[in-house]
């Protein structure tokens, strides 16, 4: 495309600065507004495909409905001839994928800053009912002033509209499998929890250097997302604080209900993970509640960059000065914003100053807390929960891990709830084809657990269990050359049933096997069938036997084949039950 091309009689295309799976991004000049912008143009090969055009237009509508300093702003979108385009902010910086490639593992502070700001961006989208569905390092942009931007809402969906068209169709890969949530990998409807899972993967990668799950194929990776718990990130990076590790692992829970409910909840957790619980309430909660005060100008905030050093671990040159297609250099931020990660506004509101009533308020709160504590202890004692020991001292609420081995997962979940424990299942599939002759485990039963049974632990302890599943498909084994009885035994080892009634047999008159020896099966050898399927046989009809003449030294046969004691041989009948015809002279 020539650099002098004009879109919509307004946007002068300059040079390409990025290329994605379905679009190319150009640096451009907005002649009407006199500013530099980034323009994403749908590639020509997709412009005639209604599904891709719909997806492209959906991105424009989704992002134009959002206004947040951590989300790339859309200025305009439209069509010029056969080309569809979106006009966005331009950033001078790079994306997180390139930065990780060049710098490796990030330090703790830097990783938390990025994750927090992306969480704020997701929170703004979630408040509008939008799920991003493709959170990954390539879609996290950082400009040369360390402002974090979330981009590429190309496959975003309005999750609250259950009747909205789903764009997952054959030939369109929506999302990147390394960052799939389990429910996304299974094709289920996604909620904000899917974005939380993906951001958890990004956090893991920033602090460890690689995502928790990989594999040789996308399907193998997706299966690991569904079945395997992630390794603790501190296994690879022992500098990760335990509180931060708990946040990451909660993001990566298999059940969406066990994750943070949305981006705002995760952002708040990242703000307060290294602070005492008492300092994480009050002013910060009021400033950071859902739907309010997301633009931050504090050290971990996301508002207009301060004139001095940013104090978040980023240098101004950390991300280079190269352009990248979708981020802001002039995002508008309210003049006075209270950040979720702290208050940087020097002009405190009047209600932040000490008042004469503050001492009375504190006294009332303390008295209420003491009263609640006394009531709790009394109820714990009456209910037998161990809140008070016999000597009057407080003790922790403990339980003993039961033996889950041999239980089905449903039964084990019920028992775990009774004992105030959390089960974290990992799945192992028993393949009958690779274990012919072995007794398969009962489907959906637990084969191992950690920690072991009978150990005393605190309430809420997580117990890892291995759940055995049995493949429901086997391959028909070879039974050729065996008797029907032996063939039935072979099929039984593969969990198949044989039809041993001779009336069901097919007979092969061309086989050289003896009569009733198995020639093949129906279905045939190596055919995949369901466990406990019935298999019938094709058996031999018996080898074909004919008269075998004894060579004669004379060319003329004797008309009467009588035994002879002379040396002259005669044509004699073969020892069979079938009479041999007498040759005609």
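List of remarks:
- In region 255-275, the residue that is farthest from the chain's Cα centre (by Cα) out of those that are modelled with pLDDT of 95 or more and not in a helix (DSSP H, G or I) is 260.
- Yes/no for residue 427 being touching a helix residue (DSSP H, G or I) at 6+ places or on another chain (Cβ under 6 Å) and in contact (Cβ under 8 Å) with a residue 60 or more places away in the chain: yes
- Selection within region 462-492 - more than 30 Å from residue 421 (Cα to Cα), surrounded by 14 or more Cβ atoms within 10 Å (Cβ to Cβ) and modelled with pLDDT of 85 or more: 476, 477, 478, 479, 480, 482, 483, 484, 487, 488, 490, 491
The values are calculated or read from the model by the stated rules, or taken from the named source; none is laboratory data. Everything numeric in this text was worked out from a predicted model, so none of it was measured. Note: ideal-geometry Cβ built from the backbone for every residue, glycine included; neighbour counts use all protein chains shown.
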